[in-house]
Structure formats: C-alpha cells, structure tokens
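Colleague: Okay, here's the structure, questions in a sec.
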Amino acid sequence: MQTAPLLSRCIAILVILLCSVLEAAPAATNPSGLFVRVRLQSAEGRSWRVQIVAQQAGGKSKTVFVGKAVGASVKEAELLAAGQATGWVDLSDAVAGGATLRFLFETQPGLEKAGVKAKIDIASGPDEAAILRSIGETDPGNIIAIRIPAHPASDKANILSIREDTKRRLDEVKGWNLPEGPRPKKLWCMVGFRSNGEFYTDPAIAEMDFEIARRLGMNGYWQQGGGQPGALRKMAEANGLNRSTVYWRSVETLPNEKGTVPLKWDGLEQYLDKVYRDSVAGTRKEHPGGMPEIIADLMDEPAGHHFGGPEYAEEFRKYLQQEGVGLAIFGKPTWEEVSPIIFEWRTFFKQRDEQNLKDEPTRRLFYWSAKFWNHTVARIYAGATRKVEQYAPGVGTRVNFGPPWWYDYGTLPRGIDAFEFGRLRSVTLGFNEDWVGKGNRRVPLEINTLLIDWSRAAARPNTPLLGSYITRDADRESVKLRTFACLAREAKIFDFYYYGPAYTFFDHWSDNASMVQGVAELTRDLGAVDDVLWEGRAPKAEVALLYSQSWPVWKLDDTEQNEQVMAYLALLHAGIPVDIVSDTEVSDGRFAARGYKCLYVVNESIPSAAAGEIERWVRSGGKLWASGWAGMKDEYNTPTKSFDEMLGVKSREWKATGETKRLGEPIKPDDWKRPIFGRDTSVVKAEGAQVDNLNSRMEMRAYRHPHGKGLVQFVPWTAGKNYMDGAVEKKGSLTQVTQFPDDMGRKIYSDFSVAAGVKPPSVTSVSQVLAWPLCTQNKGVVLLANFTGEAVAELRVTFATLLPVDKVLSLRKGPLKFTRPDADHIEVTLPLDGVTDILSFE
C-alpha cells in the first residue's frame, strides 16, 4: 500500500508551505522590534549618509553609521547616491523603554546653509507592512530627531518628531487657559532644559520651549549643550527669563597624580585662579551686553576628593596642632609617626570596620582623619568661591549637598561636611534637593522644611539666600506642598529639576502633565504675594535640635537619623519651629547666647566639649529632652558618663529591638532604605535622683529630672520610630499623603516644649494642616499647607503678629472676617478646598 509514503509527502509539503508563510509574515507581529529607513529628500545631487544616535530614556546610547551599509564607524557607511534611501536599520536593542533617535546628515558636497529635509519610516519590522509611522521633517542645520515611546507598536500616536513633541507640550500648557500672571519677579523660579544643539538646530523649536517656560511662570533657566547660545539668551530675555545658572565646576577636577590629589596649596591656588578666571571670562564673552543675574554652581552632590602623598600627611599634622590636638592621644612618640587615613567615600564604612576599633588611639586617628579630609575639601571649595567673588563680584556660589538621609550627604562620611563649608564660607548660598516624591513615612512631604533648616544651620554664622531643587518626582498637588514647605523656612530660590525635555535627559518632568500643571498654577500663586515671600522672615525658633557632627562617623544604622527627622517632624506638626544646631555652635557658646527654651538631643556620640556645655546650660536653667542613649559616647566613640548625673542615672545601656535580621550588616552608601531599628534603654537610676514620672501608659518609663536650675525629660525608647510606625500612607481625595496620629506619640515631644513656655507662632484646628507665617516690617502672609489629603470644610487658623491688621485676604476665598483673641493673635475661619492657600494681612 502507498498510503503512508503519500501521507508523509503531503505533510512535508504542508510544512514547507507553512514555513514559507511564516517567513513572509510581516515583522509587525513583533511588538518589540524597531526598524528605521531614511531618505534624504533635499540632497539636490549630493551623495549622503547619516549617523543615527539612539539615546534610551535611562541614559544609555548607541550610535550607528548608515550609508550603503550599516556599521559602528563612519568608514563602514559608504555614501548613498542622491535620492536613494537607506535599507532597514534594526535598532530594536537600542530603544527599549523609550528613546530618542537623532539623525545627523552628512553630504558631499557639504550642506553649507541648505538645511535638510528627510522622510523617516519607523517600523516594527523590516517591511512596508510593518511601518508604524512615516515622518517628514526639516531642519535648517543637519539634525532631525524623533521620539520613540516605550511601546511603539501599541503607542504609534506618540512617535513624534521633536518639533511635534514641542508643539504638543506647548498646546498642553495653553489648554489649561491659565492667566498670564502674576509671575514671581523676586523669588527665583528656574526651569532646566536643554534646547537645540545636539538634538536639532531650528530656532523655531527653541522659541516654543521658551514660550513654555514663560507660560509655566518661570523667570530663570539653565541650559547645557551647544547650538545658538546668543539666540537662546535673546529668546530667554524676550520671555522674561532674566536670570540663570552657570556650571563652573572645575573644583571637582583638581590636578592629580594617577587619581591622587597632592596637597600642594600653591599649585592648587594657581589652578583655581586660572580655571575660574577663564570660566568667568568665557561667560562674559557669551554675554557682550553684560551678564544676567546668575548663580555659579560649583558642584552637584559633591563628595570628598582622594588626597594622598607626603604633603597631605604634613598638612594633617599642622591641622591637628592648629586644632589643639595633642600628640599623646594617638599613642605615638613623635608627630612624624602620625599619618592620616586616606578615605574614599564609597568605602568609608568598610574602611572603618577594617580598623581595630577596640583600640582608642585608632578611633581617635580615624575621627581626626575624617575631620581633616572634610576640612581640606571645604578649604578648596572656599578657594573656588573666593575666585568667583574676585572675578565675578556679586555672583553667588552653591553646591547641592543633597538630603542628609541619602548617601550621608553633607556629613563627615561623605567627605563634604556642610557645617565645615559654613565655617569656611565655602559657598555663599544654601542649596539642597528634595526627592521625596509623594512622601512616605520616613520622609513625608512636609519634611522639606528640615532640608531648608539644615541648609541654614550649616551656613551659620552667615545668613545666605536659601534654595532647593524641586525634583521631577511630583504631581499637581505634591509639587505645591513641597514648595510651600521650603518657602515656610525662608527658601527664596527654586530650581524645578529637570524640565527636560524628555529627549535630553532622564530626570525630566516634561511628560508629567500633572506636575507641569501644578508648577504653572503654583507660580501664579507665588506671584500674587511675591514681594512678601521674598522679604518675609519666619518667626524665631525657640527650640533647637542638636546635630552632632561626630555621630555619622560611628553610626551602625539609620536609627539616630530617623530619630532626628521624627523629633523635628513631631514638633513641626505641633506648630513648633525648630533650629538645627551643631555641636560646634554648642561648644563655642553661640547656642547658649541665642536664648533657646529647649534643646532636643538624640545622638549617642557627642563631642566632649559640646556635652560639657549642654550640662552647664541645663544647670543654668535650660530644658533638655534626651533620648535614652543621648551622650553615652564622645566624639571618639568612647563610652562616657558625662550626661549621667544630669539625667539622674547611675548607669544605662540599650539594645536593638524590632525586626533585627539585618542588624550588624556593614553600611553601604546607596542603601538609604535600610531598616530602622528600635532601641530600648535599660536604666539604673542614681540614688536620691528626683524623678517625676510622666502620667500616661505610653510614658511610664519616661521621666523628668531637675538638674541645677534646669530640667531634663528622659525618653528611653525610640520615640521617633514609634511616631513613624504610627503613620499611615493614604491616597486622599486631594492627593496622596502620610498621616501621623495626633496622640501621645507627638505629645511626648511637644508637651515638653509647651511646658517650657514655647508658644507656637501659628496653629490650625486640623492636625497636619500647617500654617506658616512670614512677615515683613509692615505686612505678612500665612502659608496654608494641607497634608491631610482631604478638603476641610471649616478650618480655624490662629497666628501671632505684632503688626496692626486692617484686613486679611485668602488667595482662594478673598476677604475674610477676623478676630483678635488677644493683643498678639489673629484668628480666621475658612474652608480649605485644596492643598494650599495663602492668607495675606496688613
């Protein structure tokens, strides 16, 4: 029988036919594929080729050269004849997650000023049937760029040329029909974007970008990249953007020998003189009509340099002797045997843990090596600032330290101590960045106030302008709340980082329509009271929170950092302003001279000089709130009993509590979400100690103890962790917020201040609706910030002012009736429908 062989032949034929069909199927069935084909339409007899740069949304890029062939170098891409299209170019692996494709055309003979016109086909496969979109575009130079969305096959509508994308963003802003103004004139509201240059050369596109900036209410900008700097400046001025930032960051590239910077001060002085003289001269040359008002950015998120060599060791010994540090503490017979530990910030804690920390002289050397490292870095930045002041008088300098709870920014382990920067006047402006998103229990939205207070504290005794990046991780409501929190503590400079556009940088908000709308609405609110916000000052704080500079050198986890944040936050929620004070300010007498009514201390390691001054301050009548482990060790992490008598204890020790699986793990610099452990302190009270136990179940083990004329409140557990753990992250009808309960978790902090006579300058009838007054000599405002997530039907606001008040106006509700409950206070009641409002009074 022939049935089986015939059946086999039929099956074989079917398989061949099926394979042929599959091979012929268009590549459009592959949603992750991305192919391009290019035709230069304006060649006019010129042979040509194109360089394609695919830049992914995350920052990675890939370059190919395309002519008769596709290659990684120009030699592999022979010129195409005029009118001839390229073949299909596979860029599937270069556009994952979204990308920008830049097409840089080269012709022979050259284009000169002819510009380019091209047709670009974008397809999911190398086939006509797979074309997702064909774009015809022109450019007066030689660049055409196209945005590719993360999912081009299903999101074809957002495959756009740069021109189309810019018009889309402009139309978006126009569509909100916001009033033209008022816009801030004194407050700095800056937007960062990179216009033209490497992405296109058409000034018409840049014009649209500057119109967007104007409609967003900006009055300043910064841009990087080449292109048409003169034309860009004119566009900026025409749109009212009359201030900018320059990036004179040469201090980060010091002369070095194989990565090590020798500390040769004469050579470093000459280097700084040349680079900053040249930087200023170059900027002046670009502004023949005179420089606009500018800020010189010396570095972003800086870290300590890598020093070394005999010069560094010699300078270390000089520094120790200038600081009054004796040779004996290092256990060495001669100074020549004392050499500094050389640090690299990424491995600071690893280096620490490799030391013999049981040996006290080793701990002392480690501590002073860290101090000297930070001092040296600050001294170099101070030299850069002096050069800026010499060659560009009136130009302020800044660095962005970054939040101290991320990567140890602005602290000794980072190599760039913000407080040493203040002491040496290494910068003339205070600046930071928020990166709090929509907030969480560890860093809620309102904690931006701490960032500004941190900047002010670090700058003292100077009183510079303060500012902040408001980063792109916001939405329509959170961007307002985050900015208000900065304004509340006297921030005057806002850099909305980083508008983009999306194709130029990955940390952008140009595609975040919610944040774009929020910024545009926010600037109009600020513009309405711009003069008061610029000149206004917050009420003087009567409460201080100690920042011990030695604490982060010895930290084993982030528990104390969290205790600092939460102590500040609980007082903020109670309406009590807080000043951050450093151990240096305590030890040199500046703290005592300011007349604070309370000091809160949550650091275990406190330099002995500061610890002694705290004890004297309390004995003279000061009020101290102390955590269970406060002051148990000195700056060398050596146990000390210097606080014990003041606290009324004979001995004390603490142990970690809670989920301790990661307890004892080495600290990594990028592990900023590491666990917060609890601490429980066991105490043996001193004989005859006079103890006033606090009356609540939660506070059974907390007590108050008199010391001389003063008083101590001793809290032996991690009250900050309790406050944080009691919070709830919630999506409200207005916005996402973190709600902290108004219970004993807050009162364990606030009741002590109130009992000491601290009077909140403003309070509201609803927990976490915060009211922040700012006053000039004859008028003022109260910033209302609603961190509850819900509208408030009836909000009572009471604020202190010594000004004669004839009227109170709500930005949202207009004139308000007001009463005076006493000679020093004003009280109003109003609905709060959104997340912010501004009360103005005069």
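Colleague: Figure the gain on full extension for Arg346 and Lys113 (residue separation times 0.36 nm, minus the Cα-Cα span) and round it to one decimal in nm.
Modeller: 78.9 nm
Colleague: Ignoring ligands, DNA and RNA, what percent of the accessible area of the range 306-430 is carbon or sulfur (1.4 Å)? Mind dumping the intermediate values first?
Modeller: Working: 2320 of 4690 Å².
The C+S portion of the solvent-accessible surface of the range 306-430 is 50 percent.
Colleague: Mind grabbing the accessible area of Glu44 for me, 1.4 Å probe, Å², rounded to tens?
Modeller: That residue has around 150 Å² of solvent-accessible surface.
Colleague: With charges set only on the Cβ (+1 for Lys and Arg, -1 for Asp and Glu), what does the dipole of the range 694-807 come to about its Cα centre, in debye to the nearest 20?
Modeller: The dipole magnitude comes to about 300 debye.
Colleague: If the label point is 7 Å along Cα→Cβ of Ala593, which residues in the range 435-461 have backbone nitrogen under 20 Å from it?
Modeller: 456-461
Colleague: Return an integer: the convex hull volume of the alpha-carbon atoms of the range 543-685, in Å³ per residue. Walk me through the numbers on the way to the answer.
Modeller: Values: hull volume 17.0 nm³, N = 143.
Convex hull volume per residue, Cα atoms: 119 Å³.
Colleague: Dimensions of the range 642-704 along principal axes (Cα, Å, largest first)?
Modeller: Per principal axis, max minus min of the Cα coordinates gives 47, 29, 16 Å.
Colleague: Got a sec to turn the phi values of the range 484-501 into Karplus ³J(HN,Hα) couplings, 6.51 cos²θ - 1.76 cosθ + 1.60 with θ = phi - 60°, whole Hz, x for Gly and Pro?
Modeller: 4, 4, 6, 4, 4, 10, 6, 5, 10, 10, 10, 10, 7, 9, 9, 4, x, x
Colleague: So, with +1 on the Cβ of K and R and -1 on the Cβ of D and E, and no other charges, what is the size of the charge dipole of the chain about its Cα centre, to the nearest 20 debye?
Modeller: Charge dipole of the chain: 500 debye, to the nearest 20.
Colleague: DSSP loop trypsin sites (Lys or Arg not before Pro) in the range 29-132 with at most 13 other Cβ atoms within 10 Å of their Cβ, which ones?
Modeller: Lys60, Lys113
Colleague: May I ask you to rank Trp435, Trp48 by accessible area, largest first, using a 1.4 Å probe over the protein chains only?
Modeller: Ranked list, largest accessible area first: Trp435, Trp48.
Colleague: Given N residues in the range 366-485, what is its alpha carbon radius of gyration divided by 2.2 N^0.38 Å?
Modeller: Details: Rg = 15.3 Å, N = 120, 2.2 N^0.38 = 13.6 Å.
Normalised by 2.2 N^0.38 Å, the Cα Rg of the range 366-485 equals 1.13.
Colleague: Right, another one. Hey, what's the Cα Rg ratio for the range 490-600 versus the globular rule of thumb, 2.2 N^0.38 Å?
Modeller: Normalised Rg, Cα atoms only: 1.47.
Colleague: Through the Karplus equation 6.51 cos²θ - 1.76 cosθ + 1.60, θ set to phi - 60°, convert the phi angles of the range 245-261 into ³J(HN,Hα) values in whole Hz; use x for Gly and Pro.
Modeller: 10, 10, 10, 9, 9, 5, 4, 7, 10, 5, x, 9, 10, 6, x, 9, 8
Colleague: With a 1.4 Å probe and all protein chains left in place, how much accessible area per residue does the range 596-669 have, in Å²?
Modeller: Here the residues of the range 596-669 average 43 Å² of exposed surface.
Colleague: Next question. Which is farthest toward the positive dipole end of the chain among Gly217, Thr334, Ile826, measuring Cα position about the Cα centre, with Cβ charges +1 (Lys, Arg) and -1 (Asp, Glu)?
Modeller: Ile826
Colleague: Taking H as built 1.01 Å from N, whose amide H comes closer than 5 Å to the amide H of Asn440, not counting residues under 5 places away?
Modeller: Leu445
Colleague: I've got another one for you. Relative to the first principal axis of the alpha-carbon coordinates of the chain, what is the inclination of helix 513-528, with its axis defined by its Cα atoms, in degrees from 0 to 90 and to the nearest 10?
Modeller: Long axis of 513-528 versus the principal axis of the chain: about 50 degrees.
Colleague: State the percent of C-alpha pairs, over all pairs in the range 115-263, separated by a distance greater than 27 angstrom.
Modeller: Distances greater than 27 Å cover 41 percent of the Cα pairs.
Colleague: So what's the range 520-563 giving for Cα Rg divided by 2.2 N^0.38 Å, two decimals? Mind dumping the intermediate values first?
Modeller: Details: Rg = 18.7 Å, N = 44, 2.2 N^0.38 = 9.3 Å.
Output field value: 2.02.
Colleague: Mind listing the long-range amide H neighbours of His707? Cut-off is under 5 Å, sequence gap 5 or more, other chains count too, H placed in the peptide plane at 1.01 Å from N.
Modeller: HN-HN under 5 Å from His707: Val712.
Colleague: OK, next. Could you quote the convex hull projected area for the range 73-165, Cα atoms only and averaged over all directions, in nm²?
Modeller: 6.6 nm²
Colleague: Test of the criteria: in the range 658-767, which GluC sites (Glu not before Pro) are in a DSSP loop and have at most 16 other Cβ atoms within 10 angstrom of their Cβ?
Modeller: Details: sites: Glu659, Glu687, Glu699, Glu729; in loops: Glu659, Glu687, Glu699.
Those satisfying the criteria are Glu659, Glu687.
Colleague: Could you state how much accessible area Arg674 has, in square angstrom rounded to the nearest 10, with a 1.4 Å probe and all protein chains kept in place?
Modeller: Roll a 1.4 Å probe over it and Arg674 shows about 20 Å².
Colleague: Can you give the Rg and Dmax of the range 209-285 based on its C-alpha atoms, in angstrom?
Modeller: Spelled out, the Cα radius of gyration and Dmax of the range 209-285 are 17.4, 50 Å.
Colleague: Over every pair of different alpha-carbon atoms in the range 311-425, take the mean of 1/r and invert it; report that Kirkwood radius in Å.
Modeller: 15.6 Å
Colleague: Assuming R0 = 60 Å, can you tell me the calculated FRET efficiency for the pair Arg616 and Asp806, based on Cβ-Cβ distance, to the nearest 0.05?
Modeller: Working: r = 47 Å, r/R0 = 0.79.
With R0 = 60 Å, the Cβ-Cβ based efficiency is 0.80.
Colleague: While we're looking at this one, here's another question. Report, in debye and to the nearest 20, how large the dipole of the range 529-600 comes out about its Cα centre when Lys and Arg carry +1 and Asp and Glu carry -1 on their Cβ. Write down the numbers at each step before the final one.
Modeller: On the way: 6 positive and 12 negative charges, 57 e Å.
For this selection, approximately 280 debye.
Colleague: May I pose another question? Number of Lys-Lys pairs in the range 533-646 under 28 Å by Cα, sequence gap 8 or more or different chains?
Modeller: 11
Colleague: Separate question: Using only Cα atoms, find the angle between the long axis of helix 448-459 and the longest principal axis of the chain, and express it within 0 to 90 degrees, rounded to the nearest 10.
Modeller: Value to nearest ten degrees: 70.
Colleague: Tell me, in nm to one decimal, what length is gained between Ala689 and Ile329 on full extension, where the rule is 0.36 nm per residue of separation less the Cα-Cα distance?
Modeller: 126.1 nm
Colleague: P(r) for the chain, please, calculated from all Cα pair distances in 10 Å bins and given in %.
Modeller: The distribution over the chain is 2, 11, 18, 21, 19, 13, 8, 4, 2, 1, 0, 0, given as percents.
Colleague: Further question on the same structure: Using per-residue counts of other Cβ atoms within 10 Å, averaged over each peptide, order 86-99, 501-514, 309-322 from highest down.
Modeller: Per-residue mean Cβ counts within 10 Å order the peptides as 501-514, 86-99, 309-322.
Colleague: Heavy-atom accessible area per residue, the range 374-516, 1.4 Å probe: how many Å²?
Modeller: So the range 374-516 comes to 21 Å² accessible per residue, rounded to a whole number.
Colleague: Any chance you could count the Lys pairs in the range 76-177 whose alpha carbons are under 28 Å apart, treating pairs 8 or more apart or on different chains as valid?
Modeller: Close lysine pairs under the 28 Å cut-off: 7.
Colleague: Something else about it: Simple spin-label model, 7 Å along Cα-to-Cβ: Lys641 to Glu336 in nm?
Modeller: Distance between label points: 4.2 nm.
Colleague: Right, here's the next one. Can you give me the angle between helix 265-286 and the longest principal axis of the chain, using Cα atoms only, in degrees from 0 to 90, rounded to the nearest 10?
Modeller: 50 degrees
Colleague: Roughly what % of Cα-Cα distances in the range 752-842 sit above 20 Å, to the whole percent? Can you show the working numbers first?
Modeller: Values: 1268 of 4095 pairs.
When all Cα pairs of the range 752-842 are counted, 31 percent exceed 20 Å.
Colleague: Starting from the Cα of Gln777, step 7 Å along the direction of its Cβ; do the same at Glu314; then give the gap between the two resulting points in nm.
Modeller: Label-label distance for Gln777 and Glu314, simple model: 5.5 nm.
Colleague: For the range 687-771, what mean projected area does the convex hull of the alpha carbons give, in nm²?
Modeller: 7.5 nm²
Colleague: Using a cut-off of under 18 Å, list every residue of the range 786-816 whose amide N is near the label point 7 Å from the Cα of Ala823 along the Cα-to-beta-carbon line.
Modeller: Backbone N within reach: 799-806.
Colleague: I want the antiparallel fraction of DSSP beta bridges within the chain, as a percent rounded to 5.
Modeller: Values: 98 of 147 bridges.
The antiparallel proportion sits near 65 percent.
Colleague: For the range 115-189, state which GluC sites (Glu not before Pro) are in a DSSP loop and have at most 11 other beta carbons lying within 10 Å of their beta carbon. Write down the numbers at each step before the final one.
Modeller: On the way: sites: Glu128, Glu137, Glu164, Glu172, Glu180; in loops: Glu180.
Answer by residue number: Glu180.
Colleague: Considering only DSSP beta bridges where both residues belong to the range 429-579, give the percentage that are antiparallel (nearest 5).
Modeller: Given both bridge residues lie in the range 429-579, the antiparallel proportion sits at roughly 0 percent.
Colleague: Name the residue farthest towards the positive end of the dipole of the chain from the options Gly136, Val95, Phe349, assuming +1 on Cβ of Lys and Arg, -1 on Cβ of Asp and Glu, about the Cα centre.
Modeller: Checked the options; the winner is Gly136.
Colleague: Calculate the spin-label point distance for Asp359 paired with Asp90, positioning each point 7 Å from the Cα along the beta-carbon direction, and give it in nanometres.
Modeller: My value for the distance between the label points is 6.1 nm.
Colleague: Could you tell me how far the Cα centroid of the range 107-170 sits from the Cα centroid of the range 614-665, in Å?
Modeller: 65 Å
Colleague: Roughly what percent of Cα-Cα pairs across the range 214-343 reach past 27 Å?
Modeller: 45 percent
Colleague: Semi-axes of the range 32-106's equivalent ellipsoid from the Cα gyration tensor, sqrt of 5 times each eigenvalue, largest first, rounded to whole Å?
Modeller: 23, 12, 11
Colleague: Taking the Cβ of Leu429 as the centre, find all other residues whose Cβ is under 12 Å away and add up their charges (Lys, Arg: +1; Asp, Glu: -1). Don't jump to the answer; show the numbers that get you there.
Modeller: On the way: positive: Arg398, Arg425, Arg456, Lys492; negative: Asp297, Asp495.
Here the charged neighbours net out to +2.
The values are calculated or read from the model by the stated rules, or taken from the named source; none is laboratory data. Fair warning: this is a prediction, and the values are worked out from it, not measured in the lab. Note: ideal-geometry Cβ built from the backbone for every residue, glycine included; neighbour counts use all protein chains shown. Accessible surface is based on the protein model in full, side chains and every heavy atom, while ligands, DNA and RNA are left aside. Shrake-Rupley method; radii C 1.70, N 1.55, O 1.52, S 1.80 Å.
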